[in-house]
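The values are calculated or read from the model by the stated rules, or taken from the named source; none is laboratory data. This one's a predicted model, so the numbers in the text were calculated from it and none came from an experiment. So basically every Cβ, Gly included, is an ideal-geometry build from the backbone, and we count neighbours across all protein chains shown. Please note that ligands, DNA and RNA were not included when accessible areas were found on the heavy atoms of the full protein model with its side chains. Shrake-Rupley method; radii C 1.70, N 1.55, O 1.52, S 1.80 Å.
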2 protein chains.
Amino acid sequence: MTTAAGHTNQELIERARRVTAAEKYDIGTRFPAIYRRAEGSWMTDVEGNRSLDVTAASGALLLGNCHPLVSAAITDYIQDYGTVFASTLSLPRIELAERLCERFPAGEKVVFGKSGSEATTMAIRLARAATGRELILTSGFHGWHDWHQSYLQIGYDAGSGVACFGYNKTAFKRLVAEFADEIAGVFVTPEPAWFDAAYYRELSEFCAQHGVLFMLDEVITSMRYGPNGVNGTGEVPADIITMSKGMANGHSLSAVLGKAEVIDAYDDAGIGGTYTREVPPMAAALAVQDFLADGTEHERCQRMGKLLMDGMRDILASVGIPAWVGGPAMMFDVVVPSEALSWDIYRAAFDHGAYFEDSGTQMVTAAFGEAEVDHALTAFEKGARKVAATTDFEVSEIGFDRKAQFAAEAFGGALEDDDRVLKSIEETVRQIAERTPGISPRPLPACG
Amino acid sequence: MTTAAGHTNQELIERARRVTAAEKYDIGTRFPAIYRRAEGSWMTDVEGNRSLDVTAASGALLLGNCHPLVSAAITDYIQDYGTVFASTLSLPRIELAERLCERFPAGEKVVFGKSGSEATTMAIRLARAATGRELILTSGFHGWHDWHQSYLQIGYDAGSGVACFGYNKTAFKRLVAEFADEIAGVFVTPEPAWFDAAYYRELSEFCAQHGVLFMLDEVITSMRYGPNGVNGTGEVPADIITMSKGMANGHSLSAVLGKAEVIDAYDDAGIGGTYTREVPPMAAALAVQDFLADGTEHERCQRMGKLLMDGMRDILASVGIPAWVGGPAMMFDVVVPSEALSWDIYRAAFDHGAYFEDSGTQMVTAAFGEAEVDHALTAFEKGARKVAATTDFEVSEIGFDRKAQFAAEAFGGALEDDDRVLKSIEETVRQIAERTPGISPRPLPACG
């Protein structure tokens, strides 16, 4: 089939293979469609096929594509006001910082970046510069930047000065108690399908007792855990939070919010970046804030997410695929017996017009209504039924071992204190104690 | 004075101080204006004052704000097509990669990021993953990310596995000859006011002879050195180039171009990033490519830059301020006896409606005509004359020592082989030889 523009998906994928990368990150591992346009969560590919996005573009979208309020705010800004100025300050930057400080308890001051990874790198730098210490403890995924390349194992990485504790509380308490005076901050990405608010609150309190900064990486959760993220529940105090996905509804923008004395370490942290002043995404973010202001959108969005989550759980049960489905309504996890099976189910659902996240974390947008939920469930049921018909399952339910495997592979969760974990805690303590710190908490200033 | 929106610059700067940072990076060190809008290179602040931008927003702008072709391309895309899709590939990404490969000799394949710093971090990762080696040699500024925090001194940084040679050829040749088999790449930012194409060509050839990847950081130069950067002159072959500023005329976008086998290392390099798929900036970048296609815009822009550069040199001579003015017409350096004097001159010129870069690197946009050059020169002359009237100069011209000082402070240029330099070369060789490599050339895959 040929498109208006004269291309097929396959032709374009082959063109992409010739001039861009990468085979495993995108070209060969996403479902085979090149989208030409999207409205709300409905995408139309170059051959005219429509598909419903159940990934929210890896969480980047909150209100769906072409949302009239956001589109108007950002395009008016670009057309009537401009894009970047010689000065780094702008009205939207100041107003957005004020709005975010009102919304999130951790926010006394805010600085901006372009991507979630830039926000987490800035957060580490700020914590180091503010404390004059170099050691970072962390759990979970914080992006692709240099400081964060060993998040799936409990251990210490000498090159980056970062130790991972894999959400394991024994490891966390041992490391904080042992090295409290040397830790710049503890930086944790909430995995709310796996650990509840009480878990994060316990970490936060333990840090406070030991004089250690507690930092929440809310790049994904800040607008998906609930209206104001984990920090905004009021249950989990934090010295720094990072946010990005959804804040400008797909336009690239990220932020670090925190205590004034931490954010004020910016100058000593060597942070810079010409595009941090780019104004139109901030205008978009203000429109997002307006849209969400009265709380009804989040309430409706969570309702749709819950319908979808419950529906997927019921379908998996009815077709006989063992599954564990849980988490916040706007970002829930679906764990089936294997990664390969997960891919097969969603690949089959894709043929019926729904683009799910094949790893299993599903996300709705505010453009989801009951029609979208129904469409997603219909496609999912067809996919699940097809796979169930041709698969023998060795287990009848998802047990602890499979959950632990999923957690270990997805975000480095070490769910129990088995021998391997206890051994790696001791090894990590030893490595940190014997380290020669090579990271300067206060690097050179940046230009631009 | 009060604005349409009821604010003064000073009030807004104080509001900014309360909720954002940073004093030295922006709030306290940029000229005191909050711009409300800009068209071309003319900015209007919240009090209604007009000022001409001679910084091109730190180089981010190429055609000026509100350029009709770019504005139309990006706003049409946002309104009619969308912002981000579940799939990472898009027509604009594929077409832009093709166009850039046609334009730059180094480009066999292209991958995208959001900022110049993201591009340079990706480049390092790609070089390491493609070669399986960890050591990086570098000169010049490459952004604010972690791998690059010691660019002003010849030396080796164990944490990042990066050695700086400060544009010193003796250092460069010694390090490459000594460690050729261990070097992932040599990564140099062109400083074209200081070193000519023959200099970079010599580095490139020496790398090729020793089987080492040669990488040019053209984040600033790719569209300002000339129409196609240093690499596009055909005089300086490179295995990787990075680009960003100007490519989407202020909308955040960056790219890494390189040999296919290097870019194909993406999957092994642990690179990711949800917003790398953001489509509207790519639509803007395609419009920029269209606008520049016939070469007349660059020709005109370079003519305006030369008028400005020559005019500034003449003014400094006529008011009696010792100065060295040189470099490509679209990004030239103005060196005066001290940094403080530089600030004073441009601060005074700002009061006459021109916003220069106070450090001395001036950049025009394609929105500059003769009226803009005249306005800039008039303001500059008033500023220079005011400062000259109240300053005693100890020197009558900018000698080698001041040039060497400027180079050392601005980009780490070690212009001569003095004792200190020769000693630090030997110390660096020793440190590299004795290092325990801690960087993994092939880190974990990223999500999202």
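For the list (1) more than 9 Å from chain A (Cβ to nearest Cβ); (2) out of contact with any strand residue (DSSP E or B) (no Cβ under 9 Å at 6 or more places or on another chain); (3) touching a residue at least 12 places away in the same chain (Cβ under 8 Å); (4) surrounded by fewer than 24 Cβ atoms within 10 Å (Cβ to Cβ), I need the number of the one condition that B:D76 fails.
(1)
I'd like the full set of residues that are within 7 Å of another protein chain (Cβ to nearest Cβ) and either open to solvent by 20 Å² or more (accessible area, probe 1.4 Å) or outside any loop (DSSP other than H, G, I, E, B) (or both), limited to region A:14-26.
A:R15, A:A16, A:V19, A:T20, A:E23, A:K24, A:Y25, A:D26
Report yes if B:D146 is open to solvent by 10 Å² or more (accessible area, probe 1.4 Å), out of contact with any Gly (no Cβ under 7 Å at 6 or more places or on another chain) and over 24 Å from B:S222 (Cα atoms), otherwise no.
Numbers: open to solvent by 10 Å² or more (accessible area, probe 1.4 Å): yes; out of contact with any Gly (no Cβ under 7 Å at 6 or more places or on another chain): yes; over 24 Å from B:S222 (Cα atoms): no.
When the stated conditions are applied, B:D146 does not pass them.
Residues that are more than 19 Å from the chain's Cα centre (by Cα) and not assigned by TED's automatic domain parsing to the domain that holds A:C301: does region A:217-231 have at least one? Even if it seems obvious, please write down each step before you answer.
Step one: list which residues in region A:217-231 are more than 19 Å from the chain's Cα centre (by Cα), which gives none.
No, because not a single residue in region A:217-231 is more than 19 Å from the chain's Cα centre (by Cα) and not assigned by TED's automatic domain parsing to the domain that holds A:C301.
Could you look through region B:153-184, keep only residues that are polar (S, T, N, Q) and either part of a helix (DSSP H, G or I) or open to solvent by less than 20 Å² (accessible area, probe 1.4 Å) (or both), and pick out the one that is modelled with the lowest pLDDT? I'd like the intermediate steps shown before the answer.
Of the residues in region B:153-184, the ones polar (S, T, N, Q) are B:153, B:160, B:168, B:170.
Next, only the ones that are either part of a helix (DSSP H, G or I) or open to solvent by less than 20 Å² (accessible area, probe 1.4 Å) (or both) stay: B:160, B:168, B:170.
Numbers: B:S160: 88, B:N168: 98, B:T170: 98.
The extreme case among them is B:S160.
What helices (runs of 4 or more DSSP H), lying completely within region B:267-361, carry at least 1 residues that are out of contact with any helix residue (DSSP H, G or I) (no Cβ under 6 Å at 6 or more places or on another chain) and closer than 21 Å to B:D374 by Cβ?
In region B:267-361, the matching helices (runs of 4 or more DSSP H) lie at B:296-319, B:339-350.
For region B:90-115, which positions are within 7 Å of another protein chain (Cβ to nearest Cβ) and either open to solvent by 10 Å² or more (accessible area, probe 1.4 Å) or over 24 Å from A:P32 (Cα atoms) (or both)? Break it down stepwise before answering.
Within region B:90-115, the subset within 7 Å of another protein chain (Cβ to nearest Cβ) is B:90-91, B:93-94, B:97-98, B:101, B:109-111, B:114-115.
Once the filter is applied, which keeps residues that are within 7 Å of another protein chain (Cβ to nearest Cβ) and either open to solvent by 10 Å² or more (accessible area, probe 1.4 Å) or over 24 Å from A:P32 (Cα atoms) (or both), region B:90-115 yields B:L91, B:R93, B:E98, B:C101, B:K109, B:K114, B:S115.
Within region B:198-211, track down each residue that is of a type outside the set (G, A, S) and open to solvent by 40 Å² or more (accessible area, probe 1.4 Å).
So the first thing to find is which residues in region B:198-211 are of a type outside the set (G, A, S), and the list is B:199-203, B:205-207, B:209-210.
Answer for region B:198-211, where residues must be of a type outside the set (G, A, S) and open to solvent by 40 Å² or more (accessible area, probe 1.4 Å): B:R201, B:E202, B:E205, B:Q209, B:H210.
Out of the residues in region A:399-422 meeting the condition of being of a type in the set (F, W, Y) and open to solvent by less than 60 Å² (accessible area, probe 1.4 Å), tell me which one is nearest to the other protein chains (Cβ to nearest Cβ). Show your work before the answer.
Just the residues of region A:399-422 that are of a type in the set (F, W, Y), to begin with: A:400, A:406, A:411.
From what's left, open to solvent by less than 60 Å² (accessible area, probe 1.4 Å): A:406, A:411.
Values: A:F406: 14, A:F411: 9 Å.
Restricting to residues being of a type in the set (F, W, Y) and open to solvent by less than 60 Å² (accessible area, probe 1.4 Å), the top hit is A:F411.
Just checking, which of A:A376, A:A340, A:A367 is open to solvent by 20 Å² or more (accessible area, probe 1.4 Å), within 23 Å of A:G226 (Cα to Cα) and more than 17 Å from the chain's Cα centre (by Cα)? Before you say what the answer is, go through the steps one by one.
Details: A:A376 fails: open to solvent by 20 Å² or more (accessible area, probe 1.4 Å); A:A340 fails: within 23 Å of A:G226 (Cα to Cα).
Criteria check complete, one pass: A:A367.
So which of A:T75, A:T83 is among the hydroxyl-bearing types (S, T, Y) and in contact with a Leu (Cβ under 8 Å, 6 or more places away or on another chain)? Please lay out each step first, then the result.
Details: A:T75 fails: in contact with a Leu (Cβ under 8 Å, 6 or more places away or on another chain).
Criteria check complete, one pass: A:T83.
How many residues are in contact with a strand residue (DSSP E or B) (Cβ under 6 Å, 6 or more places away or on another chain), open to solvent by 20 Å² or more (accessible area, probe 1.4 Å) and not in a loop (DSSP other than H, G, I, E, B) when one looks only at region B:212-261?
The total comes to 1.
Just give me the residues in region B:351-399 being modelled with pLDDT of 95 or more and among the aromatic types (F, W, Y), in sequence order.
B:Y355, B:F356, B:F368, B:F380
If only one of A:L69, A:L63 is open to solvent by less than 10 Å² (accessible area, probe 1.4 Å) and either on the phi > 0 side of the Ramachandran plot or more than 7 Å from every other protein chain (Cβ to nearest Cβ) (or both), which one is it?
Numbers: A:L69 fails: open to solvent by less than 10 Å² (accessible area, probe 1.4 Å).
Answer to the selection: A:L63.
Taking the options A:P192, A:P280, A:P237, name whichever one is touching a residue at least 40 places away in the same chain (Cβ under 8 Å) and touching a Gly at 6+ places or on another chain (Cβ under 7 Å). It would help to see each step written out before you state the result.
Working: A:P280 fails: touching a Gly at 6+ places or on another chain (Cβ under 7 Å); A:P237 fails: touching a Gly at 6+ places or on another chain (Cβ under 7 Å).
A:P192 is the lone residue from the list that is touching a residue at least 40 places away in the same chain (Cβ under 8 Å) and touching a Gly at 6+ places or on another chain (Cβ under 7 Å).
If you go through region A:41-59, how many residues are touching a residue at least 24 places away in the same chain (Cβ under 8 Å) and out of contact with any Asp or Glu (no Cβ under 8 Å at 6 or more places or on another chain)?
The qualifying residues number 10.
Filter region A:287-298 down to the residues that are away from every other protein chain (no Cβ under 14 Å) and of a type in the set (A, V, I, L, M) and list them by number.
A:L292, A:A293, listed by residue number.
Here is a yes/no grid of residues against (1) surrounded by 19 or more Cβ atoms within 10 Å (Cβ to Cβ); (2) within 14 Å of chain B (Cβ to nearest Cβ); (3) touching a Gly at 6+ places or on another chain (Cβ under 9 Å):
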position: A:G272; (1), (2), (3): yes, yes, yes
position: A:T276; (1), (2), (3): yes, yes, yes
position: A:R300; (1), (2), (3): no, no, yes
position: A:R303; (1), (2), (3): no, no, no
position: A:L308; (1), (2), (3): yes, no, no
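Is it true that A:I425 is away from every other protein chain (no Cβ under 14 Å), touching a Ser or Thr at 6+ places or on another chain (Cβ under 9 Å), crowded, with 19+ Cβ neighbours inside 10 Å and over 23 Å from A:W324 (Cβ atoms)? Even if it seems obvious, please write down each step before you answer.
Values: away from every other protein chain (no Cβ under 14 Å): yes; touching a Ser or Thr at 6+ places or on another chain (Cβ under 9 Å): yes; crowded, with 19+ Cβ neighbours inside 10 Å: yes; over 23 Å from A:W324 (Cβ atoms): yes.
Yes; evaluated as a whole, the condition is true for this residue.
Of the conditions (1) open to solvent by 50 Å² or more (accessible area, probe 1.4 Å); (2) over 20 Å from B:M312 (Cβ atoms), B:V395 fails just one. Which one is it?
(2)
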